[in-house]
Amino acid sequence: MRISVAGAVLLFMVMSSAHVAGQAVRKRALANNPDIYKSLLAFGINTNTNSGILGGANVRYTKLLQGALFGKTQYQYMALEIINVKSPKEYTTTSGLGFNNINNKANYLFSIRPQYGRELFFYNRQNNEGLGLSGIVAAGPTLGLEKPFMVQWQEGGRTVTVPYNPSLSGAPAAGILSGFGKSKIVPGLHAKAAVNLELSTFRHNVTGLEVGFLVEAFTRRIELMAYSNSQNVPNVGNRSFFTSGYINLYFGTKKQ
């Protein structure tokens, strides 16, 4: 009987020691968890419903904040993106001479968007495995750059580059880099909400996907399209409020 009691006590002590040791190991693993990082700097490319396949580029920086939010790890989120916003009414045609043109396009719109917000992790990657899932909410001012759509036109026996107007319909485009000196600045505001997927990590390198929805408002209507009076559709595609769904593919580096 004494042997049985002593054996039970010994077994209990061994199990208790193993449990305490296991907790200590888990605590050390959590403290050294590479998935809970101090900061992340990443660069990415954008596609969205207002721009086509390649919409622009962005850079983002996140920094770990002290204290949890709703029991989840939270980060300070800062980003800067430059996006080429298009009208849904524009389309490219090719003339019989082989040059491309965008019918009735009056201006390009480049949205420069500094952003500030929060990123909240719902699920962190474990030991460099699995999928990291977080939510992002951010907002900020917009610096809209309304750049004229330049075309090449024959005038007095020479070729000149001028802003498009309906009387120059059919003239070949001069290129996206032409006419920046004639740009107008239109301020605005924007906000976005997104789901962030951390897809893979190799040591301190990160690949991720940000999928979200953005709203943007300017202080005046952006003149993206220009129509002649005979077409009787002067405001089609021109507006001051834009919405878009977007995807950002980014590559970055973590700092532990």
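Put simply, when 62-74, 142-154, 212-224, 178-190 are sorted by average Cβ atoms within 10 angstrom per residue, most first, you get 142-154, 212-224, 178-190, 62-74. Evaluated at q = 0.12, 0.14 Å⁻¹, the base-10 log of the normalised Debye intensity for region 35-255, with identical point scatterers placed on the Cα atoms, takes the values -0.71, -0.87.
Straight-line reach from Lys182: taking Cα to Cα under 22 Å and skipping same-chain neighbours fewer than 8 places apart, the lysines in range are Lys86, Lys105, Lys147.
Please compute the contact order of region 35-255 in relative form: average sequence separation of alpha-carbon pairs under 8 Å and at least six residues apart, divided by the residue count, as a percent.
Values: 591 pairs, mean separation 47.8, N = 221.
Across region 35-255, relative contact order equals 22 percent.
By how many nm would the segment from Val211 to Ala139 lengthen if fully extended, with 0.36 nm per residue of separation less the alpha-carbon distance?
24.4 nm
Values quoted throughout were computed directly from the atomic coordinates according to the rules given, and no laboratory measurement underlies them. This structure is a prediction, so every number in the text was calculated from the model and none was measured. Reconstructed Cβ throughout: ideal geometry from the backbone, glycine too, with neighbour counts over all protein chains shown.
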